[in-house]
Amino acid sequence: MAEEVKVMGMWISPFSRRVELALKLKGVSYEYIEEDLANKSPLLLKYNPIHKKIPVLLHNEKIFIESTVILEYIDETWEGYSLLPEDPYQRAMARFWVKFIDEKCGTAVWIACWSEGKDQEKAMEEAWEHLRTLENELKGKKFFGGETIGLVDIAANLIALWFGIFEEVAGIKLLDEEKLPILCRWIEQFLSCDLVKESLPPRDELLMFFQARKEAITASKSMVYKI
Amino acid sequence: MEEKEEELKLLGTKLSPFSWRIIWVLKLKGIEYDFIEEDLRNKSQLLLSSNPVHKKVPVLIHGGKAIPESIIILLYIEETWLKNPILPNDPYERSQALFWAKFADEKFLPEIEMAFSSTGDDQVKAVELATAALEVLEGEIKGKRFFGGDRIGFVDVVVGWIAYWLEMVEEAACFKVSNSKKFPSLHSWMNNFLEVTVIRENLPSPDDLRIFFHDLRQVKCDSLTQEIK
């Protein structure tokens, strides 16, 4: 029986892109369905009626939501490439850093980009502090996962591409090579991987998307990227 | 010596539901551990070195290795001590459990924290959002004895605070979300949960909790008043 694997996502979403990268690393073929959250499709409402969010993973008619939960499912379902280490302590550490990236780094960078004046200065300091803490995890390693990309690297796609876009649109510099040399090196390494390149949207198009929405984002200060 | 027999310590506070999540699971699995009560106004060196990033409890220290963050600790315990699993075997069911735990912690809990820490319109808004999230949880528990099915599981342990702490939080801050008429299935679940022996025998003193939340609410209100000044 052929496996049915579908991913519902948005081309601009780092969260659905995480799911795509994980599937590619596992060598799993999937059908991608682009969703317009401003105009939710009957399919999305059918598969995720309560939360109406992407990404959604469909595997043999079972539905999976929330990118980090989906990543864990993908890792335990398909053999071959491991996203998480075997050792329970190492797994705990990987989960810790994924949470740190989303909750601490993501929030701080978002606020730093879209606030102004003293608030922005404060937020930028906080963002640097968090990014420096994260950077420490890379010392002596090629990737967060060691020699190969792992769960934390996948979750850090947010940092590798989206943070650079946000800061460019906002006109600030957070991912400074002098301040965060190891993290910047990791970004280069990560973005140079073929499967990563395949799993990411074109940078210039993503930049245009956020540039067009800069005013709306600044006004609302909503976490619009947390679709 | 087997890895699993290594020294196990839990740094926590007896008033915090996050510490009790860990205690409940350790007891359900029959795992021996030492509990170290932390004074959060005067954090120990052990805590600061075990969780340097967040400096928060709970932290589990197993054979010298420190694991912070309650959900991450629960998963670590589940993966290290395989007896009496709290997560379902089936990957889809397991994924559902992880989802609901995340939902409760990210959509309901922060709104209750906000409602507790605010007044006026801010509190009203937080109560609205908390109620909406609770409605979703009500839908999920409907027709089930526990979130875990016939026995308590991961989700029950994660949302267990709703069955015991929530009422006292609401009382202290004068708001009400968990209306039993509006949430009958959740209220049944609360009774079922508190009747489980391991839970019933492992809860903090309600008086201590009431005093704690009353005092904390006072502190919050004072600081809000100062902000306005």
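The values are calculated or read from the model by the stated rules, or taken from the named source; none is laboratory data. Here the structure is a predicted model, which means the values were calculated and not measured. Here Cβ is always computed from backbone atoms with ideal geometry, including for glycine, and neighbour counts include all displayed protein chains. Surface accessibility is based on the protein's heavy atoms, side chains included, excluding ligands, DNA and RNA. Shrake-Rupley method; radii C 1.70, N 1.55, O 1.52, S 1.80 Å.
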*Counting only residues that are at the interface with chain A (Cβ under 8 Å from one of its Cβ atoms) and either free of Cβ contacts under 8 Å to residues at least 40 places away in the same chain or open to solvent by 30 Å² or more (accessible area, probe 1.4 Å) (or both), which one in the stretch B:57-70 is nearest to A:Ile65 (Cα to Cα)?*
B:Glu69
_Can you tell me which of (1) in a helix (DSSP H, G or I); (2) surrounded by 18 or more Cβ atoms within 10 Å (Cβ to Cβ); (3) away from chain B (no Cβ under 14 Å) is the one A:Leu45 doesn't meet?_
(2)
*Does A:Glu86 meet the test of being in a loop (DSSP other than H, G, I, E, B) and closer than 27 Å to A:Glu147 by Cα?*
yes
*If you go through the stretch A:164-179, how many residues are on the phi < 0 side of the Ramachandran plot, open to solvent by 40 Å² or more (accessible area, probe 1.4 Å) and part of a loop (DSSP other than H, G, I, E, B)?*
5
*Given (1) assigned to a helix (DSSP H, G or I); (2) free of Cβ contacts under 8 Å to residues at least 12 places away in the same chain; (3) more than 15 Å from B:Leu15 (Cα to Cα), where does B:Val127 come up short, assuming only one miss?*
(2)
*Unique match (being crowded, with 19+ Cβ neighbours inside 10 Å and either within 9 Å of another protein chain (Cβ to nearest Cβ) or in contact (Cβ under 8 Å) with a residue 24 or more places away in the chain (or both)) among A:His51, A:His59*: A:His59
*Filter the stretch A:76-97 for residues that are closer than 29 Å to A:Leu43 by Cβ and at the interface with another protein chain (Cβ under 10 Å from one of its Cβ atoms) and give the result.*
A:Glu76, A:Thr77
*Of everything in the stretch B:10-59 that's among the basic types (Lys, Arg) and more than 20 Å from A:Phe96 (Cβ to Cβ), which residue is modelled with the lowest pLDDT?*
B:Arg41
_Top-ranked residue of the stretch B:76-92 - restricted to ones that are under 16 Å from B:Val158 (Cα atoms) and open to solvent by 30 Å² or more (accessible area, probe 1.4 Å), ranked as nearest to the other protein chains (Cβ to nearest Cβ)_ = B:Pro88
*If you go through the stretch B:139-153 one residue at a time, do you hit one that is assigned to a loop (DSSP other than H, G, I, E, B), closer than 30 Å to B:Lys29 by Cα, more than 14 Å from every other protein chain (Cβ to nearest Cβ) and free of Cβ contacts under 8 Å to residues at least 12 places away in the same chain?*
yes
*Considering the stretch B:70-121 alone, what residues qualify as being in a helix (DSSP H, G or I) and β-branched (Val, Ile, Thr)?*
B:Ile71, B:Ile72, B:Ile73, B:Ile77, B:Thr80, B:Ile112
*How many of the residues in the stretch A:62-73 are facing chain B (nearest Cβ under 10 Å) and either open to solvent by 30 Å² or more (accessible area, probe 1.4 Å) or part of a helix (DSSP H, G or I) (or both)?*
8
